[in-house]
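First up is the structure itself, then whatever we jot down about it.
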Amino acid sequence: MKLQIIGTGGMWHKEASASYLIDDHILIDMPNGSCKNLYTQGVNVEKIDNILITHFHGDHFFDIPFYLLKKSKEDELDVNVYCTKPGKKKIETLFKLGFPNASKKVLKRLNLNYNFSANFTIGDYEVSRIKVSHGDFKPAYGYIFKSKDLTVGITGDTSYCDSVEHMASICDYLICDCSLILGNESHMGIDDIKKLATKYPDHKFVTSHMFEKTIKEAKKLKIKNIIVPNDGDYILKGV
Ligand SMILES: [Zn+2]
Ligand SMILES: [Zn+2]
């Protein structure tokens with residue numbers, strides 16, 4: 001697996017909003033600023049044909065219209081979006097709002113499919129969607145990617161909950177919401193990630209969705225199984 005951290009941040013600082021790319025073609029979340037960020041990092045957007053959305057806060061899906069418009073002008077027209085049924089409606093509304101005249105033509109040209117299942121496969125990966133606890137916002141999900149020899153999880157926005165505990169227990173690498181220094185009912189904090197890292201010493205925990213003060217504090221950590229990445233870093237480089 002090739003796993004690239006496209007963005008490590010929340011809003012209102014220079015780090016890009018949280019988003020992750022697997023094997024150059026599977027993107028988890030497409031937040032505000034995502035397309036510019038992918039472009040800046042030299043990612044070939046035409047290759048991206050699978051978009052998994054963790055939940056429908058703006059900082060996780062607002063750039064989808066720009067992506068759909070761009071894809072419709074390329075040769076590779078397959079787009080698979082994994083989300084909820086109400087989520088599909090939100091994407092359609094957003095797209096029409098952004099590009100009212102182009103939306104019909106774009107949707108006709110693209111081979112756009114929505115998948116609402118909790119379990120599905122993408123290439124060699126068995127993927128499962130798992131409900132997490134993100135304050136009052138429902139539903140919010142994490143994802144687990146299983147291949148023959150590796151399990152990788154993404155918590156999405158969440159507080160410390162049973163689902164996170166489950167993901168931490170089975171994932172070799174877990175990309176974690178680490179927005180805060182001390183976690184609350186909406187987001188995890190450095191305190192939660194430290195707990196997980198101690199409990200599962202053989203598993204690696206990657207911090208993400210960090211707010212400005214959190215990044216500064218997280219960078220001071222010297223814990224061997226906690227990775228504090230920068231935007232664009234590769235956590236796994238594949239074969
Ligand atoms: Zn959120
Ligand atoms: Zn968020």
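Within segment 132-149, the set of residues being within 16 Å of M167 (Cα to Cα) and either within 16 Å of ligand 1 (Cβ to nearest atom) or surrounded by 16 or more Cβ atoms within 10 Å (Cβ to Cβ) (or both) comprises V132, S133, H134, A140, Y141, G142, Y143, I144, F145, K146.
Of the residues I64, I5, I48, I53, the single one that is surrounded by 20 or more Cβ atoms within 10 Å (Cβ to Cβ), more than 16 Å from ligand 1 (Cβ to nearest atom), in the same structural domain as L112 (by TED's automatic domain parsing) and among the aliphatic types (A, V, I, L, M) is I48. Of the helices (runs of 4 or more DSSP H) lying entirely inside segment 56-136, the ones with 1 or more residues being within 16 Å of ligand 2 (Cβ to nearest atom) are found at 58-61, 64-71, 85-98. Residues in segment 137-170 that are in a strand (DSSP E or B) and in contact with a helix residue (DSSP H, G or I) (Cβ under 8 Å, 6 or more places away or on another chain) were compared, and the one that is farthest from D202 (Cα to Cα) is G142.
Do we have any residue at all in segment 110-131 that's touching a helix residue (DSSP H, G or I) at 6+ places or on another chain (Cβ under 6 Å), polar (S, T, N, Q) and surrounded by fewer than 21 Cβ atoms within 10 Å (Cβ to Cβ)? Checking segment 110-131: not a single residue is touching a helix residue (DSSP H, G or I) at 6+ places or on another chain (Cβ under 6 Å), polar (S, T, N, Q) and surrounded by fewer than 21 Cβ atoms within 10 Å (Cβ to Cβ). Report yes if A197 is more than 16 Å from ligand 2 (Cβ to nearest atom), buried (at least 22 other Cβ atoms within 10 Å of the Cβ), of a type in the set (G, A, S) and at pLDDT 95 or above, otherwise no. Judged against the criteria, A197 is not a match.
The values are calculated or read from the model by the stated rules, or taken from the named source; none is laboratory data. In this text the structure is predicted, and so the values were computed from the model without any measurement. Neighbour counts are summed over all protein chains in view; Cβ atoms, including those assigned to glycine, are modelled from backbone coordinates with ideal geometry.
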